[in-house]
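A.B. asks: Sharing a structure, written as structure tokens. Questions coming.
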């Protein structure tokens, strides 16, 4: 996923869309907005980021899961949780440096799924599809002609906490 | 209990998601059981409609899964939303599932405002209302009933009341919000800015936002275009006492002192005129009174503006030149909520004049000429001619108000002059939080013989009513056709997606039944709304059936810019852009805007500023469980330095006390670098005192409660509300 | 000046991580204690002590079973999706120390049970004839007994280590990110076990032996702590901040006074005096060691959740 922080206005449409699409329980977030402000008034800089599970290439949550509930899906490298295997030990929550997971009221670990149920039908994830500033892009990073690849090739970008060694796959254009 | 919050989400491919049927879950009343959902078919149905969380009316497509409302998305065919709704619209499901909704008609059983009710049938409610209305007509005349409305849903009720014989209809959005702006532009260009604003943001190469917080102010089409402009590298210039989201996208951020915008605008115009940077051809061709106008600008130098605004002269010059560099594709945005200090019409006129200098009116990257579809209205019998004129602006005290002044009606209700107002109908506007100085509103209400409130939630204004009529939310009803004035012509349909869970009814049904109860049934020759809609669509040469499937029918694109052939007509007395306004001069006002310095806050206090959050809509969404989950209380923004000095940090709770000793509910502090030290800011719509709004009750503080002082704009009666000062007090928990 | 506002408000992770409360430290303590006891009892088995009427041989394995079951109950109580706990045993996830641990725990039960069979205490003799028969068979094969001893020591070591490995693999919590954590838990577990046996035995020889052993473990623990903290303090900014939580941050009073002072230094001093016959052996020192061990687990778990990256 590639997100253009220049266009993002932090309106939280992505959060609301995820909530209704995936019936995320009240009080819980699969995605959220971070307003990152540096400087002193009036010389300020603000980066606005829509954050969620980064579906890392080296996911510590998958490595630590004792039952294999946390796993990497065979399509797209998406990290998913099989609720029927999850025991709710919360190791994955401790393992994730991004705070992307939570325990669903029904007892299992839950998080962003990249709306795999939509992706497998050829649709974009709900957050990407709703964004009114059209700042979110989803696609195949292995395809050099995809929108995401072209954006990464032509714009400055960063990921969250690269030093954590997780190889996150959400890129923020700056 | 929110019916969608406890949901077992198993495997990703699972098709069945068990839903505690919204209808049953929301039924908390006695007697009438909830009706079963209309569509019980398995699978997903997608039904188009248009949104009503705010007034933008974005085309939406609602998805119903296994008979229950699932989600709402944008209609790709809708020019307003272009297939993407804003967060409020996306959260629209929460309005349907809101456990705090009004369920049945109510009549009060005790004094007004005691919030004690009995549930009644619709017939009983209408009988009560009709009796009172007959009484008022007999004693005072039908003109003594007034209506306050916001949104398209007021159309049918207006029709009934016009048939009843009153001329008094007002929308608070004129005097409390966009009125000064529209009048300011009318005085200059001869036309309103309109809603949706006729701004071509997406093609602007330079966008100036002065007192507009687009991006937090979530007008869908405007924000979408704003992102286009930002993404395409347009120069953004923002003047705001607060480092807004828009400011964070700006090449130039001007941390202007509140109340001094007019000085900045005049200084900008001074630079552009004296350096000859304006669009000379355009001004010569379309301008009237330019030379006298230029004369008046002579003293408005950047050096003069600097101590007023706090913006350095070189910055003023640099930004003025930047604006001029990109003309005519420079748009100085007219803003939306313009009622600030009482000189707002003149300030908005200054914005209009600045645009005029840059030649943006009627041109790409500036202002386009809106177009609309030709859909005839329904041929009703003629309305009776009221015996008395409108009550809101006696003797044209505010000579340039071209719409009704809501606070004028309120004043007449209090004083009885020029004639008494004894009945109020309030549709979808929470007057307690919308009109400034709450005690005045309550005083007016106490003079009424009848107060009818039509709402979807038990808002503060509903708490003061005699009769409360519960409306179904937009997802549950038909409504009037939306024939918008926009970039291209289209017509949109609102139709039911799910059933209303209790005894809520649509506005058209209420209006028709009321008319029939009043003996005015002949004003409703159609038997139900589908007949009405079909008639109008057929008269326009269109198909209702097609509209029901697509939700939107678009017309052929029309030219909207001058160079495309769109007509650019200036409806001013001179027929040109009035740089110098003779009509203002004749009426005793400044023909060219002049700056008045605002009063400073007394030492130790802060100017109270307020604005919007992108996840809420006025004071009407705080019990929407989806949207309240995004933000369930507001915060008071205090400059980080000031907070440190006052030993406050983010997360502390304080109360705000204004100059009239009104103390707000407790509110959380946000100590931030993003605001000037001399003002505080909060999002409007919180601090609810209506007990029926259980989920929002006493969460956050109400800015409108603190707006007890306001300055009336002498040109059009707008109520400037940014004139209240607050001190930060230790928190007091209320019972 | 950085001002970061996030709109997320998930229970358990905002504003800071608090997924694990008393259940995990209690398990870590009981597990560590059981691990130490297994190592000690396994050692005694190897030394042939079972031939004597020594307390350690008789009851330690039984006590381990009880302690471990108690710990695992605490662990079970912590789960949020309890009905699915059996899923731990339908797979083995080689990258997950928790998966390793769940299988190790499974294997420990038969190992302990076998240990109980080497020398069945008098009061239990005759109760279950099958056990008596097995016990007799074992006693005819000294090699098997020796292997049981080795097995107990081995599994005990793994039990004492894996929790430290588990926590240190959770890279997102800098405090736990130390290669010394498994050693710390193991040594602390051994020390607690030694103190425990010291406390409950009535055999003079055992008491002296275990007090000396405990002194050794306590001293080693001090060095391990030194290594643990030094490792953090010479690492990156977040690791330094994590170490500072214990050294002079919000957890400092509990750490210095309860864990180091009353959990290690004081009992070490008392026990050194006791084994040199300057004072009598009392329950005070071992109780302090046990309390210190439990407090250590609480501090590590709570402070670890407090530590974070960004």
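A.B. asks: Starting from the eigenvalues of the Cα gyration tensor, five times each then square-rooted, give me the equivalent ellipsoid semi-axes of chain C, largest first, whole Å.
C.D. replies: On the way: eigenvalues 265, 126, 43 Å².
One finds semi-axes of 36, 25, 15 Å for chain C.
A.B. asks: How high is the FRET efficiency from residue A:26 to residue A:72, r the C-beta distance, R0 30 Å, rounded to 0.05? Walk me through the intermediate numbers first.
C.D. replies: Values: r = 30 Å, r/R0 = 0.98.
That pair, residue A:26 with residue A:72, gives E of 0.50.
A.B. asks: Convex hull volume of the Cα atoms in the protein assembly as shown, per residue, in Å³? Present the calculation step by step, with values, prior to reporting the outcome.
C.D. replies: Values: hull volume 244.9 nm³, N = 1219.
Enclosed volume per residue, from the Cα hull, is 201 Å³.
A.B. asks: Compute the semi-axes of the equivalent ellipsoid of region B:545-647, taking the square root of 5 times each eigenvalue of the Cα gyration tensor, and list them largest first in whole Å.
C.D. replies: Details: eigenvalues 337, 248, 30 Å².
The equivalent ellipsoid of region B:545-647 has semi-axes of 41, 35, 12 Å.
A.B. asks: Still on this structure: Nearest 500 deg cm²/dmol is fine: what mean residue ellipticity at 222 nm does chain C get from its DSSP H runs of n ≥ 4 alone, each adding -39,500 (n - 2.57), divided by its residue count? Don't jump to the answer; show the numbers that get you there.
C.D. replies: Numbers: 10 runs with 203 residues, N = 310.
-22500 deg cm²/dmol, from helical runs alone.
A.B. asks: Kindly provide log₁₀ I(q)/I(0) values, in the same order as q = 0.09, 0.11, 0.15, 0.17 Å⁻¹, from the Debye equation applied to equal alpha-carbon scatterers of region C:171-310.
C.D. replies: Computed log10 I(q)/I(0) values: -0.28, -0.41, -0.69, -0.84.
A.B. asks: Here's something else I'd like to know. So how many Å³ per residue does the convex hull of the Cα atoms of region B:622-735 work out to?
C.D. replies: Details: hull volume 14.8 nm³, N = 114.
So the per-residue Cα hull volume is 130 Å³.
A.B. asks: Next question. Using Cβ contacts closer than 10 Å as the measure, can you line up B:140, B:50 from fewest to most? Display every interim value, and only then the final one.
C.D. replies: Working: B:140 18, B:50 26.
With the sparsest Cβ surroundings first, the list reads B:140, B:50.
A.B. asks: For an R0 of 60 angstrom, estimate the FRET efficiency from the Cβ-Cβ distance between residue B:543 and residue B:118 and round to the nearest 0.05.
C.D. replies: That pair, residue B:543 with residue B:118, gives E of 0.85.
A.B. asks: Additional query: Give, as ranges by residue number, the residues of region A:59-94 whose backbone N falls under 20 Å from the point 7 Å along Cα→Cβ of residue C:21.
C.D. replies: A:88-94
A.B. asks: Below 8 Å between Cα atoms, with a sequence gap of 6+, how large is the relative contact order for chain A in percent?
C.D. replies: Working: 315 pairs, mean separation 49.7, N = 174.
Relative contact order for chain A comes out at 29 percent.
A.B. asks: By count of other Cβ within 10 Å, fewest leading, how are A:106, B:98, C:248 ordered? Each step should come with its number before you reach the end.
C.D. replies: Numbers: A:106 17, B:98 24, C:248 12.
With the fewest neighbours first, A:106, B:98, C:248 line up as C:248, A:106, B:98.
A.B. asks: Distances over 25 Å make up what percent of all Cα-Cα pairs in region B:319-424? Don't skip to the answer; put the middle values down first.
C.D. replies: Numbers: 2852 of 5565 pairs.
Of all Cα-Cα pairs in region B:319-424, 51 percent lie more than 25 Å apart.
A.B. asks: Next question. What is the Cα centroid distance between region A:45-77 and region C:184-257, reported in whole angstrom?
C.D. replies: If we compute the Cα centre of each part, the gap is 36 Å.
A.B. asks: Using the per-residue mean of other Cβ atoms lying within 10 Å as a proxy for protection, in what order, highest first, do the peptides B:368-375, B:143-150 fall?
C.D. replies: Packing proxy ranking, top to bottom: B:143-150, B:368-375.
A.B. asks: Run through every distinct alpha carbon pair of region B:190-329 and return the Kirkwood hydrodynamic radius in angstroms, one decimal place. Let's see the in-between values first.
C.D. replies: On the way: mean 1/r = 0.0630 Å⁻¹.
Over region B:190-329, the inverse of the mean reciprocal pair distance is 15.9 Å.
A.B. asks: Would you please state the base-10 log of I(q)/I(0) at q = 0.06, 0.09, 0.10, 0.11 1/Å for chain B, with intensities from the Debye formula using one equal scatterer on every alpha carbon?
C.D. replies: -0.35, -0.83, -1.05, -1.28
A.B. asks: Largest first and in whole Å, give the semi-axes of region A:2-173's equivalent ellipsoid, each being the square root of 5 times a Cα gyration tensor eigenvalue. Please list the in-between numbers first.
C.D. replies: Details: eigenvalues 133, 70, 57 Å².
Three semi-axes, in Å: 26, 19, 17.
A.B. asks: I would also like to ask the following. Tell me, B:303, B:731, C:206 in order of fewest to most beta-carbon neighbours within 10 Å?
C.D. replies: Working: B:303 11, B:731 15, C:206 19.
Placing the least packed residue first, the sequence is B:303, B:731, C:206.
A.B. asks: Could the peptides B:709-715, B:520-526 be put in order, highest first, of the mean number of other beta-carbon atoms found within 10 Å of their residues? It would help to have the intermediate numbers written out before the result.
C.D. replies: Details: B:709-715: 21.9, B:520-526: 16.7.
Answer by packing, highest mean first, reads B:709-715, B:520-526.
A.B. asks: Computed FRET efficiency, Cβ-Cβ of residue B:731 and residue C:130, R0 56 Å: what is it to the nearest 0.05? List each step's numbers first, then the result.
C.D. replies: On the way: r = 71 Å, r/R0 = 1.27.
Step by step, r from the Cβ atoms, then E = 0.20.
A.B. asks: Follow-up question, since we're still on this one. Evaluate the Debye formula for region C:1-169 with equal point scatterers sitting on the alpha carbons, no solvent, and hand back log10 of I(q)/I(0) at q = 0.13, 0.15 Å⁻¹, in q order, two decimals.
C.D. replies: -0.71, -0.88
A.B. asks: Moving to a separate point now. List the relative contact order of chain B as a percent without decimals, with contacts defined as Cα pairs under 8 Å and 6+ residues apart. Kindly include the intermediate steps, with their values, before the conclusion.
C.D. replies: On the way: 1693 pairs, mean separation 138.3, N = 735.
Worked out over chain B, it gives 19 percent.
A.B. asks: Over region B:47-157, what is the relative contact order in percent, taking alpha-carbon pairs closer than 8 angstrom and at least six residues apart? Kindly include the intermediate steps, with their values, before the conclusion.
C.D. replies: Working: 134 pairs, mean separation 17.5, N = 111.
Over region B:47-157, the number comes to 16 percent.
A.B. asks: Quickly rank B:84-95, B:429-440 as a protection proxy: mean count of other C-beta atoms within 10 Å, highest first.
C.D. replies: Numbers: B:84-95: 29.0, B:429-440: 22.8.
Ranking the peptides B:84-95, B:429-440 by packing returns B:84-95, B:429-440.
A.B. asks: Moving to a separate point now. What Kirkwood hydrodynamic radius, in Å, does region B:149-222 give when the mean of 1/r is taken over all pairs of distinct Cα atoms and then inverted? Walk me through the intermediate numbers first.
C.D. replies: On the way: mean 1/r = 0.0670 Å⁻¹.
That comes to 14.9 Å for region B:149-222.
A.B. asks: How much of the DSSP bridge set in chain B is antiparallel, in percent, rounded to the nearest 5?
C.D. replies: Details: 39 of 82 bridges.
The answer is about 50 percent antiparallel.
A.B. asks: Same structure, new question: Would you kindly give the portion of the calculated P(r) for region C:188-262 that falls above 17 Å, as a percent of all Cα pairs? Don't skip to the end; give the middle numbers.
C.D. replies: Values: 1538 of 2775 pairs.
In whole percent, the share of Cα-Cα pairs in region C:188-262 beyond 17 Å is 55.
A.B. asks: So, in nm, how far is label residue C:234 from label residue C:247 when the simple model puts each one 7 Å beyond its Cα toward the Cβ?
C.D. replies: 1.3 nm
A.B. asks: Take the alpha carbon atoms of region B:586-639, find their center, do the same for region A:112-136, and report the distance between the two centers in whole angstrom.
C.D. replies: For region B:586-639 versus region A:112-136, the Cα centre distance is 34 Å.
We did not get these values from a lab; they are worked out from the coordinates using the rules stated. These numbers were taken from a predicted model, which means no experiment stands behind them. No Cβ is skipped: glycine too gets one built from the backbone with ideal geometry, and neighbour counts run over all protein chains shown.
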